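Read the structure below first, then the notes.
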Amino acid sequence: MDNTIFRLQDVKFSYLGRYPALCGIDMEIVKGQRVAVMGANGSGKSTLLQMLDGLLFPDTGTIEAFGRTLNEKAFTDTEFNRYFRSKVGLVFQSSDVQLFCPTVKEELLFGPLQFGFAKTEIRSAFDTIVGLLDIEGLLDRMPHQLSVGEKRKVAIASVLMILPDIILLDEPTAGLDPRTSRELANFLARYHDENKTIITATHDLHIIEEIADIIYVIDQNRKIIRRGSPHELLEDTAFLEENNLIHSHLHRHEGMPHVHKHDHLSHYHHHS
Ligand SMILES: Nc1ncnc2c1ncn2[C@@H]1O[C@H](COP(=O)(O)OP(=O)(O)OP(=O)(O)O)[C@@H](O)[C@H]1O
Ligand SMILES: [Mg+2]
């Protein structure tokens, strides 16, 4: 059997036909792969994830999931729609668009109840995920009244609750404190197996080695300019800087401000 989960061929997409977001994307993601998508603000990462989630469709080019072309018509097939939605879960960049239930607890139970999961399965997923994200104390709260980081934890938890085989995460650690980011990365590393595909858009160089085997970098022309291992990419500081994935800090040193090239991972300074 073909192991391909997603196949994109020369995918182009503009919002309202005027604002280009993806300008010729080719990608093949196979079952069990862990992929990170990196690129500067506005490079098209969120657009790409929404396309993988069947929320947007290419203007030209094709995207296939599980061997079927994704377009409006595919999702009018209720059987395919249900299959796709039970397999693929997207954690949006903005938690506000994701959370709609009156309490956090209901938010977590909504997906699994809708898919008719068994009670014991729901209970065990609930306990694990609530513990993982440390949101026990939030269960009776209203999602909209939570802090940004708390909302993000709840949004991640609600997607994990359907135990998706394909998880799409849009900047999952943005707004999370260091310990929670670390725990999330650890959890994703444990959750992953040969049947689970994890695709993450992120700027967070601290987590990419744990959450990805392959990194795609999109440049400002909204095309993929590089595909490689995290290790290989992290070594190439010149490339990372050129593509706005690391930055130079202005430091004050012996009273004189000057610029350090500042690698986020090692905090290892090169003087320029
Ligand atoms: N709803 C929209 N209407 C019009 N243009 C949009 C819309 N959403 C995104 N765009 C444009 O599409 C391009 C890609 O945006 P996208 O949100 O996919 O980028 P991104 O890589 O996720 O950025 P960020 O790192 O800021 O999240 C941007 O130029 C953006 O202005
Ligand atoms: Mg984005």
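Just so it is clear, none of the values below were taken in a lab; they were calculated from the coordinates. In this text, all values refer to a predicted model and were calculated from it rather than measured experimentally. Every residue, glycine among them, receives a Cβ derived from its backbone with ideal geometry; neighbour counts consider all protein chains shown.
Structure notes:
- Farthest toward the positive end of the dipole of the chain, out of Leu146, Gln9, Tyr216, is the Cα of Leu146, where the dipole comes from beta carbon charges about the Cα centre.
- Chymotrypsin sites (Phe, Trp or Tyr not before Pro) within segment 114-161, DSSP loop, no more than 16 other Cβ atoms inside 10 Å: Phe115
- Highest-fluctuation residue, Ala212, Ala155, Ala238 considered, GNM on the chain with Cα pairs under 10 Å: Ala238
- Coil-residue GluC sites (Glu not before Pro) of segment 182-231, DSSP, other Cβ within 10 Å capped at 12: Glu194
- Within a straight-line Cα-Cα reach of under 15 Å, Lys31 can be paired with the following aspartates and glutamates, leaving aside sequence neighbours fewer than 8 residues apart in one chain: Asp2, Glu64, Asp165, Asp193, Glu194, Asp213.
- Segment 129-208 versus segment 84-112: alpha-carbon centroid distance in Å: 12
- Taking each DSSP H run with n ≥ 4 as -39500 (n - 2.57) and averaging over every residue of the chain yields -9500 deg cm²/dmol at 222 nm.
- Put in order of Cβ neighbour count within 10 Å, fewest first, the listed residues Ser86, Ser95, Ser147 become Ser147, Ser86, Ser95.
- Proximal lysines to Lys119, defined as alpha-carbon separation beneath 21 angstrom and excluding residues fewer than eight positions away on the same chain: Lys87, Lys105
- Relative contact order (percent, whole number), segment 17-96, Cα cutoff 8 Å, 6+ residue spacing: 21
- Kirkwood hydrodynamic radius computed over segment 97-227 comes to 15.7 Å, based on all pairs of distinct alpha carbons.
- Gaussian network model of the chain, Cα within-10 Å springs - most flexible of Ala118, Ala174, Ala185: Ala118
- Cα-centred dipole magnitude for segment 1-112, charges only on beta-carbon of K, R (+1) and D, E (-1), debye, nearest 20: 140
- Going from the fewest other Cβ atoms within 10 Å to the most, the residues Asp219, Asp77 appear in the order Asp77, Asp219.
- Taking the Cα centre of the chain as origin and assigning +1 to Lys and Arg Cβ atoms and -1 to Asp and Glu Cβ atoms, the resulting dipole is close to 500 debye.
- Most mobile of Gln145, Gln50, Gln98 in a GNM of the chain (Cα contacts under 10 Å): Gln145
- Per-residue Cβ neighbour counts within 10 Å put Val148, Val35 in the sequence Val148, Val35, beginning with the fewest.
- When only the Cβ of Lys, Arg, Asp and Glu is charged (+1, +1, -1, -1), the dipole of segment 95-201 relative to its Cα centre reaches about 100 debye.
- Evaluated at q = 0.11, 0.12, 0.13 Å⁻¹: base-10 log I(q)/I(0), Debye formula over Cα of segment 4-235: -0.55, -0.66, -0.78
- Lys/Arg +1, Asp/Glu -1 at C-beta; the chain dipole; positive extreme among Gly54, Ala189, Ala201: Gly54
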